[in-house]
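**Q** Could you have a look at this structure, given as structure tokens, before my questions?
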Amino acid sequence: MVLVAVFGAALLVAVLLSGLAARTVLSTSLLFLLGGALVSDGFLGLIHISPESEIVAVTADLALFAVLFTDGMHVSFAKLRANWRNPARALGLGMPLACVGMALITHYLVGLDWTTSFLVGAVLAPTDPVFASAIVGRKEVPARLRELLNVESGVNDGLALPVVLVLIAAAGPTAAGAEASYGSIALELALGLVFGVALPLLVNALVRLPLLGAEPKLQPLLPLATGVILYAACHLTHANPYLAAFSAGAVLAAVAPESHKAFEPLGESLAELAKFAALLVFGALLTPQLFGDLSWGGYAAAVLAIVLIRPGSLLLSLWGTRIDRREKFVAAWFGPKGFASVVYGLLVLQAGIPQGQEAYTLIAVCIAFSIVAHSSTDVPVARLFHVDGLTDTATPLRPLSDDKAIASGALPPTRT
């Protein structure tokens, strides 16, 4: 109950400060991260959570699923067909370059073996622009840039997972590693994609039957029910829930635009709650002991991951494209590490590989640094694209679909 009370208090503070956060470097995401750290064993000792606690894995898993499900609904297949080249470059070239670059600095600066170093690179390769929502959530920001970041972040989680599982298996003779065969990994991804496409199509077909149909006030619950069933089905069958979530959101938006429109406010709010809960729990893991366990080489690697590896890899992948230089640099900077990296980092820790603890410590510190750096710079960078018209903090509160996607009512409560 203490954790629930802390979450409620943090949520109240975040809502009250959201108007100020929408136009300054203050971030509601950072508030939850710091709030979790403050009440943990490392400081006030109000809650007791370890990386092995079930609540850590569950909240991170639910948050990633919810965020990918709602993010998938923002994908326009028509626009994607017309502008697929840039996301393909970011995923096909930029992501492998980031993985290799992170592996190199991890091996030489931290001293981990090559397999574990590449594992760290694979865990930190996925991006999560939910922590840079002022970029992906404002219409003033060029659509091409928003589309690039949204598609990249939605797809790279599923692409990184099989690599992470294979490298965990290669890093040590554990039971978890022995089960992660190439065949089972391929089956997991295939099932996730099949479920993510088939279930929304099935639900949409049921709605169109003569005797069936959703009452207007219950229509927002139709995609919610689809998401709940999909989440359960993936975990019961060991299908990839993250690939399923993103593909299901995209299919729902394409075949059932009315349900998508009705669900959007509710979906955004649920995704926000899941995100905040995961941030609070993850923050509770960031104890002084964890930061003390990381070497100076580890801190150097974490900084380089944010300021060199991600920017450099994406700029190289976009070399020769017609994207405006300013858009390239913004896309290169906003490669925050988020829930996918948290979930995969926990897999590394729980696998029991020889250097798993050292790898997890580096991953956790890098994620924390990334959240601070990216969630506090999205609004200033967004202003480069003439994001204006923010209202006074005294404006009455309105529902927020993301902590920075709406500036105190200056923009409608949706993310595009």
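**Q** For the range 192-217: of the residues being in a loop (DSSP other than H, G, I, E, B) and charged (D, E, K, R), which is farthest from residue 158 (Cα to Cα)?
**A** We begin by selecting, within the range 192-217, every residue in a loop (DSSP other than H, G, I, E, B); these are 208-215.
The next check asks that each one be charged (D, E, K, R); those that pass are 208, 215.
Details: 208: 31, 215: 35 Å.
Here the answer is 215.
Results for (1) in a helix (DSSP H, G or I); (2) under 18 Å from the mean Cα position of the chain (by Cα); (3) modelled with pLDDT of 95 or more; (4) within 19 Å of residue 165 (Cα to Cα), shown as yes or no for each residue.
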{"site": "90", "(1), (2), (3), (4)": "yes, yes, no, no"}
{"site": "93", "(1), (2), (3), (4)": "yes, no, no, no"}
{"site": "118", "(1), (2), (3), (4)": "yes, no, yes, yes"}
{"site": "123", "(1), (2), (3), (4)": "yes, yes, no, yes"}
{"site": "133", "(1), (2), (3), (4)": "yes, yes, no, no"}
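**Q** Just the residues that are open to solvent by 20 Å² or more (accessible area, probe 1.4 Å) and either β-branched (Val, Ile, Thr) or under 17 Å from residue 200 (Cβ atoms) (or both), please, taken from the range 254-269.
**A** 254, 255, 257, 258, 260, 261, 262, 264, 266
**Q** Taking residue 351, is it under 14 Å from residue 334 (Cα atoms) and of a type in the set (A, V, I, L, M)? Give the steps one after another, and end with the answer.
**A** Values: under 14 Å from residue 334 (Cα atoms): no; of a type in the set (A, V, I, L, M): yes.
No, not satisfied.
**Q** Could you check the range 156-191 and list, in sequence order, the residues that are modelled with pLDDT under 75, β-branched (Val, Ile, Thr) and assigned to a helix (DSSP H, G or I)?
**A** 185 - this is the single residue of the range 156-191 that is modelled with pLDDT under 75, β-branched (Val, Ile, Thr) and assigned to a helix (DSSP H, G or I).
**Q** Is one or more of the residues making up the range 280-295 part of a helix (DSSP H, G or I), without any contact (Cβ under 8 Å) to a residue 12 or more places away in the chain and either more than 24 Å from residue 360 (Cα to Cα) or of a type in the set (Val, Ile, Thr) (or both)?
**A** Checking the range 280-295: not a single residue is part of a helix (DSSP H, G or I), without any contact (Cβ under 8 Å) to a residue 12 or more places away in the chain and either more than 24 Å from residue 360 (Cα to Cα) or of a type in the set (Val, Ile, Thr) (or both).
**Q** If you check residue 112 against the conditions, is it open to solvent by less than 10 Å² (accessible area, probe 1.4 Å), assigned to a helix (DSSP H, G or I), closer than 22 Å to residue 350 by Cβ and at pLDDT 80 or above?
**A** No, not satisfied.
**Q** Could you check residue 242 against (1) in contact with a Leu (Cβ under 6 Å, 6 or more places away or on another chain); (2) in a helix (DSSP H, G or I); (3) modelled with pLDDT of 85 or more and say which number it fails?
**A** (3)
**Q** Taking the range 208-220 only, how many residues are of a type outside the set (S, T, N, Q), touching a helix residue (DSSP H, G or I) at 6+ places or on another chain (Cβ under 7 Å) and touching a residue at least 12 places away in the same chain (Cβ under 8 Å)?
**A** Kept after step one, since they are of a type outside the set (S, T, N, Q), are these residues of the range 208-220: 208-218, 220.
Within this subset, residues satisfying the condition of being touching a helix residue (DSSP H, G or I) at 6+ places or on another chain (Cβ under 7 Å) are 212-214, 220.
Cutting the leftovers down to touching a residue at least 12 places away in the same chain (Cβ under 8 Å) gives us 214, 220.
Number of matching residues: 2.
**Q** Further, regarding this structure: For the subset of the range 81-109 comprising residues that are of a type in the set (A, V, I, L, M, F, W, C) and open to solvent by less than 40 Å² (accessible area, probe 1.4 Å), which member is nearest to residue 311 (Cα to Cα)? Full working, then the answer.
**A** Taking the range 81-109 as the starting set, the residues that turn out to be of a type in the set (A, V, I, L, M, F, W, C) are 82, 84, 88, 90-91, 93, 95, 97-100, 102-105, 109.
With the extra rule that they be open to solvent by less than 40 Å² (accessible area, probe 1.4 Å), the set shrinks to 90-91, 95, 98-99, 102-103, 105.
Numbers: 90: 11, 91: 14, 95: 11, 98: 9, 99: 12, 102: 12, 103: 16, 105: 15 Å.
Top of the filtered list is 98.
**Q** Please tell me if residue 343 is within 25 Å of residue 67 (Cβ to Cβ), under 21 Å from the mean Cα position of the chain (by Cα) and at pLDDT 85 or above.
**A** Spelling it out, it is not the case that residue 343 is within 25 Å of residue 67 (Cβ to Cβ), under 21 Å from the mean Cα position of the chain (by Cα) and at pLDDT 85 or above.
**Q** Just need a number here: residues in the range 353-381 that are surrounded by fewer than 24 Cβ atoms within 10 Å (Cβ to Cβ) and over 19 Å from residue 125 (Cβ atoms).
**A** Final tally of qualifying residues: 7.
**Q** (1) within 30 Å of residue 379 (Cβ to Cβ); (2) surrounded by fewer than 24 Cβ atoms within 10 Å (Cβ to Cβ); (3) modelled with pLDDT under 80: which one isn't true of residue 333, the others all being true?
**A** Going through the list (1) within 30 Å of residue 379 (Cβ to Cβ); (2) surrounded by fewer than 24 Cβ atoms within 10 Å (Cβ to Cβ); (3) modelled with pLDDT under 80, residue 333 breaks only (3).
The values are calculated or read from the model by the stated rules, or taken from the named source; none is laboratory data. Note that this is a predicted model, so its numbers are computed, not measured. Positions of Cβ are generated from backbone atoms using ideal geometry, with glycine treated the same way; all protein chains shown enter the neighbour counts. Protein only, heavy atoms only, side chains kept; ligands, DNA and RNA dropped before computing areas. Shrake-Rupley method; radii C 1.70, N 1.55, O 1.52, S 1.80 Å.
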